[in-house]
Amino acid sequence: VQLQASGGGLVQAGGSLTLSCTASGRTISSYHMSWFRQSPGKEREFVTAITRSRNTYYADSVKGRFTITRDNAKNTVYLQMNNLKPEDTAVYYCATSAGLILSSLRLKDQYNNWGQGTLVTVSS
């Protein structure tokens, strides 16, 4: 499956953005889908995931501010980001992998399908 992330941009602190991740090649309905992010000089980190059955998981740093959803008919996953902070500035990547298990959702090394990333910049 090929992933294409979009929707990044420049926003002021407190603002909102919605990222999209559109898949091609295969339907995403049977996949767990996730978002990671990477800031300059830092490791890529888990942000959120949504399972096939639409259970959701969030990093503590974004809980209550970010919402992940999926539209299998459009083969797309969304990340709604509210109350953005300067520390949310990063390149955001969507990711998935066949055979991913729930206990591995937060582990970037378990993923072998990555989108190209979309840059989110939050100004103070």
Residues located in the range 111-124, provided they are more than 13 Å from the chain's Cα centre (by Cα) and either part of a strand (DSSP E or B) or of a type in the set (V, I, T) (or both)
T121, V122, S123
Boolean, Y78 is aromatic (F, W, Y), modelled with pLDDT of 95 or more and within 13 Å of R44 (Cα to Cα)
no
Selection over the range 81-104 where residues are at pLDDT 95 or above and either over 27 Å from V11 (Cα atoms) or not in a loop (DSSP other than H, G, I, E, B) (or both) yields a count of 11
Which one is farthest from L100 (Cα to Cα), of the residues in the range 1-11 that are of a type in the set (A, V, I, L, M) and surrounded by 13 or more Cβ atoms within 10 Å (Cβ to Cβ)?
V11
Out of Y93, Y78, report the one residue that is crowded, with 16+ Cβ neighbours inside 10 Å and in contact with a Gly (Cβ under 7 Å, 6 or more places away or on another chain).
Y93
Quick one: is G117 surrounded by 15 or more Cβ atoms within 10 Å (Cβ to Cβ), of a type in the set (G, A, S) and more than 21 Å from T27 (Cβ to Cβ)?
yes
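Would you pick out the residues in the range 5-23 that are among the polar types (S, T, N, Q), in a strand (DSSP E or B) and more than 11 Å from the chain's Cα centre (by Cα)?
Q12, T22
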P40 versus (1) within 12 Å of the chain's Cα centre (by Cα); (2) surrounded by fewer than 20 Cβ atoms within 10 Å (Cβ to Cβ): which is the lone unmet condition?
(1)
Which residue out of K108, K63 is within 15 Å of the chain's Cα centre (by Cα), modelled with pLDDT of 95 or more, surrounded by 13 or more Cβ atoms within 10 Å (Cβ to Cβ) and not small (G, A, S)?
K108
Of the residues in the range 43-60, those that are part of a loop (DSSP other than H, G, I, E, B) and open to solvent by 20 Å² or more (accessible area, probe 1.4 Å) come to E43, R44, R52, S53, R54, N55, D60
Taking G14, is it at pLDDT 95 or above, open to solvent by 20 Å² or more (accessible area, probe 1.4 Å) and of a type in the set (G, A, S)?
yes
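The values are calculated or read from the model by the stated rules, or taken from the named source; none is laboratory data. Keep in mind it's a predicted model, so treat the numbers as computed, not measured. Quick reminder, even Gly has a Cβ in these numbers, built from the backbone with ideal geometry, and neighbours come from all protein chains shown. Accessible surface areas use protein heavy atoms only, side chains included; no ligands, DNA or RNA. Shrake-Rupley method; radii C 1.70, N 1.55, O 1.52, S 1.80 Å.
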